[in-house]
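Quick notes on the structure that follows.
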Amino acid sequence: MHSYDVFRHYERQHWRLADLDLDAIDPALVRPEYVTLAKSATMGESNVIAAVHGFLNEFDDYDFSTFAVVWGYQEVQHHYAFRAWLAAVGESVDDTAVGAMRQPYAPGTTPSATLATNIISELTVNHVYRAVSQWVGEPVLEGLLLNASRDEAGHAREFIHYTTQRLAQRPEELPSVLETLYVYSSEAKIKHPVSTFKSGLTELGEHETIDTGFELFLEQIAAEGELEVLHDKVRRTFAGITGLDLSTNARVRRALADAIA
Ligand SMILES: [Fe+2]
Ligand SMILES: [Fe+2]
């Protein structure tokens, strides 16, 4: 099973929360924006439980379900690692806000659409964490962001694997994948499934969410045209999966129309 190879790979490669050298943090280097970004990342990562719940409900495939559990462990590690960094600088996230992330959300229109959504979110978080790691001036947070960014790239790779495999078996789910990509590519800001599914929760109130971090990223960190670079990367990824020309959003729409016809 593919998840066995992933498990063995993670066991060989993976960093540990205990390796995070919290004593090495120099408080003088910590800016308020770093705290906002770490809180936002903590909240984004806390979506893992709802996501694993959703995967296990939606998929009856043992191999993918096993991967979902292994993947979930790493996302829990990210959640706790950002929380640990926050605690070390005297900050915290609100447990009520984290608790509000527990509820499962509605599945995608098809299992392939759910997988496609996760490819997009992994590529997005991979990109944002890497860019933010180059921007922050506090080495422990920088290292954490870089480690997490690499993990998200690895997660994207596995979701790509499972999407490719699923589409080979269920080609009728292709339109739902293209529709997911089209909706994403039409966005003028960075979106994550958590943004869509978990917006408007009263428990979150004024608390940081993953969107707080994305907004800060676009306003203060991202280079000119960086959102378009990310969109291009995502479209190229789906072009690789489907073998279709998805180089612009208009082409995605064309491919979607063709797939439905
Ligand atoms: Fe993560
Ligand atoms: Fe991830």
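Rule-based calculations on the coordinates, nothing more; no lab input. Keep in mind the model is a prediction, meaning the values are calculated, not measured. Note: ideal-geometry Cβ built from the backbone for every residue, glycine included; neighbour counts use all protein chains shown.
Points worth noting:
- Simple spin-label estimate for A261 and T96 gives 5.5 nm between the two label positions (7 Å along the Cα-to-Cβ direction from each Cα).
- In this simple spin-label model, placing a label point 7 Å from the Cα along the Cα-to-Cβ direction at both R16 and Q103 gives a separation of 3.8 nm.
- Cα pair distances exceeding 19 angstrom across segment 35-102, given as percent: 37 percent
- Value of relative contact order over segment 1-93, rounded to a whole percent, pairs C-alpha under 8 Å and six or more apart: 45 percent
- The shape of segment 1-145 can be summarised by an equivalent ellipsoid whose semi-axes, obtained from the alpha carbon gyration tensor, come to 29, 17, 14 Å from longest to shortest.
- All Cα-Cα distances of segment 1-75, cut into 10 Å bins from zero to the largest, leave 16, 33, 31, 16, 5, 0 percent in each bin in turn.
- Structure-based [θ]222 nm, the chain - -39500 (n - 2.57) summed over DSSP H runs of at least 4, per residue, nearest 500: -22500 deg cm²/dmol
- The charge dipole of the chain, taken about the Cα centre with unit charges on the Cβ atoms of Lys, Arg (+1) and Asp, Glu (-1), comes to about 700 debye, rounded to the nearest 20.
- Counting neighbouring Cβ atoms within 10 Å and putting the fewest first, the residues W71, W15 line up as W15, W71.
- Most mobile listed residue (A38, A250, A84) in the chain, GNM with C-alpha springs under 10 Å: A250
- Gaussian network model of the chain, Cα within-10 Å springs - most flexible of V125, V48, V229: V229
- The angle separating the long axis of helix 48-58 from the principal Cα axis of greatest extent in the chain is about 20 degrees.
- Between helix 62-88 and the chain there is an angle of about 20 degrees, using the helix long axis and the longest principal axis of the Cα atoms.
- Taking the Cα centre of segment 10-86 as reference, the dipole from Cβ charges on Lys and Arg (+1) and Asp and Glu (-1) amounts to some 300 debye.
- Based on C-alpha pairs under 8 angstrom that are at least 6 apart in sequence, the chain has a relative contact order of 24 percent.
- C-alpha center-to-center spacing [segment 159-183, segment 25-52] in angstrom: 31 Å
- Rounded to the nearest 10 degrees, the inclination of helix 174-185 to the longest alpha-carbon principal axis of the chain is 40 degrees.
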